[in-house]
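Report on the following structure.
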């Protein structure tokens, strides 16, 4: 399912949501230097500003890139951190590539404005625009900024908690957006989301209740997260999707939405429900 829009107009223009989208796009285009082939984003930038759990739990240690070759002789790069056997081996072989990392505490925030590729940023910004505008409308701009940043922080720390020794950089707005989704679910469970539903080689447009769509989204994050707990070597060192960041952000949104939201959409509260 791919959401296209919900049926809740906003009373106020979502300035902050639009600004967050603009910042994410600007960082992706002008800091990460994406391409359409090969390496999708600049690896050194991801290491510089991505949240590496090992650095968060070992703030006195630095991480660098190390040149590698696979069994077929293809070149690659991997993250190695001081205090690990991988770092010592890379240092002794002269494979270390120096990077200029931001302080570990700062990467907890910079990481939530970076992305791993075109599809990653496209779907994140799509979800943020569809659901974030109504959550911003319910909170006001200052509260929404705090909610978004705190949700993203909790999301990153959730991933660090379950994989404290991982050297895989965590990047993406997904955790902060998950907080927005959790908040939207409690605020507007009866809202309907126009979505594209794919059925093998065909697709159709369907209006899906927000409770169903976002509940299913959370389930699709929670089950793989449990799988990562069962196989920590995959979730901890192998990179991939930071499912626990999504789960942590979503639960934050569920738990604290009513501390931040001060109103509900008048379109949602009208007798006949929300309309287009």
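The values are calculated or read from the model by the stated rules, or taken from the named source; none is laboratory data. Bear in mind that the values here come from a model prediction, so they are computed numbers and not experimental data. Every residue, glycine among them, receives a Cβ derived from its backbone with ideal geometry; neighbour counts consider all protein chains shown.
Okay, here's what the table says:
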read-out	value
Verdict on residue 68 being closer than 30 Å to residue 22 by Cβ and either in a strand (DSSP E or B) or at pLDDT 95 or above (or both)	no
Residue within region 198-213 that is under 17 Å from the mean Cα position of the chain (by Cα) and either part of a helix (DSSP H, G or I) or within 20 Å of residue 5 (Cα to Cα) (or both) present	no
Extreme residue, modelled with the highest pLDDT, among residues of region 250-276 that are crowded, with 17+ Cβ neighbours inside 10 Å and assigned to a loop (DSSP other than H, G, I, E, B)	261
Residues of region 158-187 that turn out to be under 25 Å from residue 87 (Cα atoms) and part of a helix (DSSP H, G or I), as a count	4
Matching option when the condition is crowded, with 24+ Cβ neighbours inside 10 Å and farther than 20 Å from residue 1 by Cβ, among 245, 178	245
Qualifying residues in region 207-224 (those that are touching a residue at least 40 places away in the same chain (Cβ under 8 Å) and touching a strand residue (DSSP E or B) at 6+ places or on another chain (Cβ under 7 Å)) - the one surrounded by the fewest Cβ atoms within 10 Å (Cβ to Cβ)	207
Condition met for residue 56 (out of contact with any strand residue (DSSP E or B) (no Cβ under 6 Å at 6 or more places or on another chain), within 24 Å of residue 244 (Cα to Cα) and either in contact (Cβ under 8 Å) with a residue 24 or more places away in the chain or surrounded by 15 or more Cβ atoms within 10 Å (Cβ to Cβ) (or both))	yes
Residue 34 surrounded by 12 or more Cβ atoms within 10 Å (Cβ to Cβ), under 21 Å from the mean Cα position of the chain (by Cα) and either outside any helix (DSSP H, G or I) or at negative phi (or both)	yes
Condition check for residue 181: farther than 20 Å from residue 111 by Cβ and out of contact with any strand residue (DSSP E or B) (no Cβ under 8 Å at 6 or more places or on another chain)	no
When residues of region 115-132 are limited to those that are over 19 Å from residue 217 (Cα atoms) and either free of Cβ contacts under 8 Å to residues at least 40 places away in the same chain or touching a helix residue (DSSP H, G or I) at 6+ places or on another chain (Cβ under 8 Å) (or both), the one surrounded by the most Cβ atoms within 10 Å (Cβ to Cβ)	115
Unique match (being within 13 Å of residue 17 (Cα to Cα), part of a helix (DSSP H, G or I) and modelled with pLDDT of 95 or more) among 125, 112	125
